[in-house]
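Read the figures in this text as sums done on the coordinates, not as results from a lab. Quick caveat, the model's predicted, so the values are computed rather than measured. All Cβ positions, even for glycine, are placed from backbone atoms using ideal geometry, and neighbour counts span all protein chains on display.
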Amino acid sequence: MAQCKCCKREKDLRMGYCFDCVEAESIIETGLDMYDSEIQKVDGLTKGMSKLQHILKNYITVNK
């Protein structure tokens, strides 16, 4: 395994980036995950905050 160019974690990479970072980038840019599923807006949050919440909940691991 090699180090991701974005998060620096040791992961399986595609073109230098791990799946988690590529997925998060897709969500930020388009609002769609890697399977073209739209990130749903959470009541009380802006669309941007809904995206961030989804990323943090599903893709970012702390201290790993």
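Of all residues in the range 11-37, those satisfying the criterion of being loosely packed, with under 12 Cβ neighbours inside 10 Å and not in a loop (DSSP other than H, G, I, E, B) are R14, E29.
Matching residues to (1) in contact with a Leu (Cβ under 9 Å, 6 or more places away or on another chain); (2) among the β-branched types (V, I, T):
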position: A2; (1), (2): yes, no
position: M15; (1), (2): no, no
position: E25; (1), (2): no, no
position: T30; (1), (2): no, yes
position: D33; (1), (2): no, no
position: I55; (1), (2): no, yes
position: Y59; (1), (2): no, no
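Taken over the range 46-59, the criterion of being surrounded by 13 or more Cβ atoms within 10 Å (Cβ to Cβ) and either assigned to a loop (DSSP other than H, G, I, E, B) or touching a His at 6+ places or on another chain (Cβ under 7 Å) (or both) is satisfied by Y59 alone.
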